[in-house]
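Encoded as structure tokens, the structure appears first; notes follow it.
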Amino acid sequence: TFQNDALKIHNILRARHCVSPLVLDEEMNIRAQIYAEHLAEKDGKLIHSTDRNDRFGENLYAITRKTPITNLAAEKVVRTWYDEIQFYDYNKPVYNASTGHFTQIVWRESKILGVGYASARKGAKMFVVAQYGPAGNHRFKFSTNVLKPEC
């Protein structure tokens, strides 16, 4: 499934950073799916869900597609987020908008993952929502949660 493929690539990437694997959480999958469907219905901008209140982290992605969703799509989405590593400065471990997706993926304290995806009515755009618990990207915690890829 798309969720299992997303989980697998998350954990391959997390292993590079010496952090424990995530596990899929059914309740979080449902919540992520509902929000992906909401984004698809609006077929507009990527706006984070408002009910998070720091309870969970969230990565969003929209892709224009010409072909049906495939297993490769999950890997492409997660690797796109992870590729922000090139902008992360381990000497200045702080939040940066251009690296927030990457840091959430490898955040050491995050343990569970939920993934949802939906296509807009017109069918040309797919929305992906990944939610993480506990939430990452906490101020003052980057040095202990975003580890160098040294494993």
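The values are calculated or read from the model by the stated rules, or taken from the named source; none is laboratory data. For clarity, every value in this text was computed on a predicted model and none was experimentally measured. Heads up, the Cβs are rebuilt from the backbone with ideal geometry, glycines too, and the neighbour counts pull from every protein chain shown.
Looking only at region 88-144, residues that are surrounded by fewer than 17 Cβ atoms within 10 Å (Cβ to Cβ), touching a residue at least 40 places away in the same chain (Cβ under 8 Å) and among the charged types (D, E, K, R) come to 5 in all. Within 29 Å of Gly44 (Cβ to Cβ), among the hydroxyl-bearing types (Ser, Thr, Tyr) and within 16 Å of the chain's Cα centre (by Cα): does that describe Ser110? For Ser110, the condition - within 29 Å of Gly44 (Cβ to Cβ), among the hydroxyl-bearing types (Ser, Thr, Tyr) and within 16 Å of the chain's Cα centre (by Cα) - is met.
Residues are listed down the side, and each one gets a yes or a no for (1) over 14 Å from Phe127 (Cα atoms); (2) modelled with pLDDT of 95 or more; (3) part of a helix (DSSP H, G or I):
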residue: Asp54; (1), (2), (3): yes, no, no
residue: Ala62; (1), (2), (3): no, no, no
residue: Leu72; (1), (2), (3): yes, no, yes
residue: Gln86; (1), (2), (3): yes, yes, yes
residue: Ala97; (1), (2), (3): yes, no, no
residue: Ile105; (1), (2), (3): yes, yes, yes
residue: Glu109; (1), (2), (3): yes, yes, no
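Please go through region 1-32 and pick out each residue that is assigned to a helix (DSSP H, G or I) and either over 13 Å from the mean Cα position of the chain (by Cα) or at pLDDT below 95 (or both). Before the answer, list the steps.
The initial filter retains those residues of region 1-32 that are assigned to a helix (DSSP H, G or I), namely 2-16, 26-32.
Hits for region 1-32 are Phe2, Asn4, Ile12, Ala15, Arg16, Glu26, Glu27, Ile30, Arg31.
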